[in-house]
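Notes follow once the structure below has been shown.
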């Protein structure tokens, strides 16, 4: 017969679960201070983790590492590398010279069925937007030549407009500037967005007196892109694709384009190269 009282039975049961442990003190005569008993030191978490990993296979260790990285991952500190740092010969691009603007074939072909466009500019954010319009629309600009089912790039003569752009951006009038286009959809329309601050500057080269050839133009990138600046942060990059047509964008009407593009001045002519030479 069990002579234990209910409390003793409960205490005995809880002791088995670790609730009541023997006090880690040595027995000493009354009146003398008690000294803690010697206990084995606890292993640090890193040691226990290493012992646990040592029992895993190589695949299990790799999966454990992947899950750890995934659980703690953040985009903080990452930059989206600029397209200008990578070969972009076949990417949509716009080139602004002293008196004209040209879009490459990649840009024209990807804005399907667009023969006439509007220039929309945001002077505050320094961004230029291209949207397709009908032929008879006010301030419509023909940006390509249509022959049958083919559409080819054309030079858009717009000296007053380019002059204002050069002044706004503080560009050197002797250079030409190329920027990459980003296709976006806003209010159900496909458009191209160009950041006027993210430009490649082409320095004109002179004809070699011996070979008679003009060397490939030297490219200069913005000074702010040097060092560890590879691009925008992920958050800034996502925000850069957002466009509000009612906030800051205005249409930029050009002068009549009834005349064919005239030859530029001698300096600009020396610096001109074909679309392929420009790399886009």
Quiz item: Points 7 angstrom from Cα along the Cβ direction at residue 124 and residue 54: gap in nanometres?
Solution: 6.4 nm
Quiz prompt | Cα-projected label distance for residue 75 with residue 189, points at 7 Å along beta-carbon direction, nm | solution = 2.7 nm
Quiz item: Using the Cα gyration tensor of region 128-232, with a ≥ b ≥ c the square roots of its eigenvalues, what is the shape: rounded (a/c below 1.5), prolate (a/b larger than b/c) or oblate (neither)?
Solution: oblate
Quiz prompt | Computed E for residue 164/residue 67 - FRET, C-beta separation, R0 45 angstrom, nearest 0.05 | solution = 0.20
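None of the figures in this text is laboratory data; all of them are computed from the coordinates on show. Remember, it's a predicted structure, so these values are computed and weren't measured experimentally. Note that each Cβ is placed from the backbone with ideal geometry, even for glycine, and that neighbours are counted across all protein chains shown.
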